[in-house]
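Only one structure is covered here, and it is reproduced in the block below.
The values are calculated or read from the model by the stated rules, or taken from the named source; none is laboratory data. These figures come from a predicted structure and were not determined experimentally. Quick reminder, even Gly has a Cβ in these numbers, built from the backbone with ideal geometry, and neighbours come from all protein chains shown. SASA here: full protein model, heavy atoms, side chains in, ligands and nucleic acids out. Shrake-Rupley method; radii C 1.70, N 1.55, O 1.52, S 1.80 Å.
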Amino acid sequence: QVQLVESGGGLVQAGGSLTLSCAISGIMFSRNAMGWYRQAPGRQREWVATITTGGSIVYADSVKGRFTISNDNLKNTMSLQMNSLKPEDTAVYYCEADDNLGNDHWGQGTQVTVSS
């Protein structure tokens, strides 16, 4: 059974930093794509960053240069280091991972609030 559990959200002032973590079970890290998404109030969920099956990393333009995605195969965790946070980064952040059949699995989300 695939499970994803996010942690690390909170309230931070603009310009500050936060690190989100996602504990993942039931997925082989070396074979499956995984990433982070976010959803702000009144807006659709948007993609933030992905680690592809080949290990490549891609970012949305809105976070490029400020956010860093990584995973730890030994600890079965994925992280999102967020620096230089802006009020427009305020959202619920979700981690996502594909299983061996290509099905999406999602965590429950963690709130990030950036005050101006």
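The trypsin sites (Lys or Arg not before Pro) of segment 1-94 that meet both conditions, a loop assignment by DSSP and at most 16 other Cβ atoms within 10 Å of the site Cβ, are Arg31, Arg43, Arg45, Lys64, Arg66, Lys75.
Only protein heavy atoms count here; under a 1.4 Å probe, Thr77 has an accessible surface of about 40 Å². Placing a pseudo-label 7 Å from each Cα along the Cα-to-Cβ vector at Asp72 and Asn103 gives an inter-label distance of 2.9 nm.
In order along segment 55-60, phi translates into HN-Hα couplings of x, 6, 10, 10, 10, 5 Hz, rounded to whole numbers, per the Karplus curve 6.51 cos²θ - 1.76 cosθ + 1.60 with θ = phi - 60° and x for Gly and Pro.
Solvent-accessible area per residue for segment 19-76 at a 1.4 Å probe radius, Å²?
Numbers: 3290 Å² over 58 residues.
Value returned for segment 19-76: 57 Å² of accessible area per residue.
Accessible surface of the chain, 1.4 Å probe: 47 percent of it comes from carbon and sulfur atoms. Working from label points 7 Å from Cα in the Cα-to-Cβ sense, the Arg31 to Ser116 distance is 4.8 nm.
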